[in-house]
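Remarks on the structure that follows.
The values are calculated or read from the model by the stated rules, or taken from the named source; none is laboratory data. Because the structure is predicted, anything quoted here is derived from the model rather than measured. Every residue, glycine as well, gets a Cβ built from its backbone with ideal geometry; the counts of neighbours run over all protein chains shown.
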């Protein structure tokens, strides 16, 4: 009887949602057998839960392709985890309707709400009530001013600045160094689009352009078109659309004016926007990764429901600049895979992939991503890396690539200067250069790497959190790095050390193990004899060695935190000898590195952009 009553109440709640304007898509069907493990929030591996977990997904509306794609990612995660995710969003952007959706989710017995808030305060009261009722909150795309388990969104200010820089570049290329710029935003409250505008405006500081007063179209394409048409009558040289509807309206207005010289730059990716770009009425759009937001949002919600503390972390899910024919022109940082569009190869280009070694699982995975993309594009990628990390051997690989007639080199440099001379000679010979993971001090077409300093700081914060939870507020901390020259690991250490500023711990002098697991283990064992309370490994070998040393010591109270993901590292985490590791996305680096190389060979200027391919915290 009790179950029937609950079912009836759930049905009433969903019916109310429909009446109030909250649409509800079919939830993912529960898996017959739950997946064994899946990456939950911040990348931690969470076993699929037992029982009936219900999660409400509430976005700003249910119509924009951005939200539809976000829901697709959420439903994918739901199917993997064997939980129910109900897409119960308004048909149009409306605060009252979104509040009603939140209230309906609480009344319907949903244990978590994954939400893209209309604004920082618009629905805060309803969210506070939900949290008070024990409902877990996870933000996707746009947070509110209410504490949540985790947030998965774009670094909108950085992406907005990139949009401004792309417009300026196009205007200056056309000889236009002054003129009026129009901005079509959604409203003055939506956190994500307000930050995009702020970043866009910052790009024009010190330039000779006049940024006009922002006009608001509520994300509606028709309203936005009217606003853009009004800007055009005032003689603007460029217009920026802050979301999908604003961008579509902007492109349609430029198309209707017949003046394709006006530079239109926008946000989000849809069929309509891509058609406007390919027809020449928009220059480019900042493409987010809504599917990643939805997928990781659901995983975070499940982890929170199961009692995992996610610490309110904010993860940047990335953005890419999409230009004509879907070519990636660069992008703002991303914590997950960038939405990199395919480029067409006009011939079977030969590309050399040269990493620091060919053994670490990190590089093997990077090569797998590169090979997968090479097959898609019909080009040849040769993995020609040393067996061990050695500057002389890596230089030889670069020279061999040039001598072998390779038109591009995708490289993870041993250090900023270690192989610079060889790379300069390669560039002088006409070879296109793309960096993955670790750049050198030589200009390249593009770089795809982790924001290592930020990730290192996160590693430090995770260690501090674990130490304090164990009642340890002082003590020695050891650091096992690769060497003093490799740019990526030096930055990781810098970020890690910064997390301890003002704390009562003593960070010891860094020791270098050249990324070798055995050498790193010896270093870590030496630290343990000195009574350390924690050890940080800066790469795969350093982390494996650290975990093995803690295991050998029999003292699982030492907090080991590391970098990179491998089977050995995951086993050490699951056995309790490492707390966590910062897992990069080497497959994305390889994939996007090859795309960038092909784009460069096809004559596309990528401006030397640096794209952050992201990191997640992987725990037991």
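Key figures for this structure:
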read-out: Unmet requirement for residue 399, which otherwise passes all of (1) in contact with a helix residue (DSSP H, G or I) (Cβ under 7 Å, 6 or more places away or on another chain); (2) crowded, with 19+ Cβ neighbours inside 10 Å; value: (2)
read-out: Some residue of region 583-599 being modelled with pLDDT of 95 or more and surrounded by fewer than 24 Cβ atoms within 10 Å (Cβ to Cβ); value: no
read-out: Matching residues, region 44-61, being assigned to a strand (DSSP E or B) and modelled with pLDDT of 50 or more; value: 54, 55, 56, 57, 58
read-out: Residues of region 283-312 that turn out to be surrounded by fewer than 24 Cβ atoms within 10 Å (Cβ to Cβ) and within 13 Å of the chain's Cα centre (by Cα), as a count; value: 1
read-out: Selection count, region 362-396, where residues are modelled with pLDDT under 95, surrounded by fewer than 18 Cβ atoms within 10 Å (Cβ to Cβ) and touching a helix residue (DSSP H, G or I) at 6+ places or on another chain (Cβ under 7 Å); value: 2
read-out: Output for region 317-331, where each listed residue is at pLDDT below 50 and either part of a strand (DSSP E or B) or assigned by TED's automatic domain parsing to the domain that holds residue 295 (or both); value: 328
read-out: Given (1) at pLDDT below 95; (2) touching a helix residue (DSSP H, G or I) at 6+ places or on another chain (Cβ under 9 Å); (3) assigned by TED's automatic domain parsing to the domain that holds residue 547, number of the condition residue 469 does not satisfy; value: (2)
read-out: Pick from region 114-144, criterion farther than 22 Å from residue 188 by Cα and in contact (Cβ under 8 Å) with a residue 60 or more places away in the chain, ranking: surrounded by the most Cβ atoms within 10 Å (Cβ to Cβ); value: 114
read-out: Residue satisfying condition, being touching a strand residue (DSSP E or B) at 6+ places or on another chain (Cβ under 9 Å) and either buried (at least 19 other Cβ atoms within 10 Å of the Cβ) or in the same structural domain as residue 163 (by TED's automatic domain parsing) (or both), within set 218, 210; value: 210
read-out: So residue 81, is it over 23 Å from residue 190 (Cβ atoms) and modelled with pLDDT under 85; value: no
read-out: Meets criteria (more than 29 Å from the chain's Cα centre (by Cα), surrounded by fewer than 15 Cβ atoms within 10 Å (Cβ to Cβ) and either in contact (Cβ under 8 Å) with a residue 60 or more places away in the chain or within 26 Å of residue 566 (Cβ to Cβ) (or both)) for residue 484; value: no
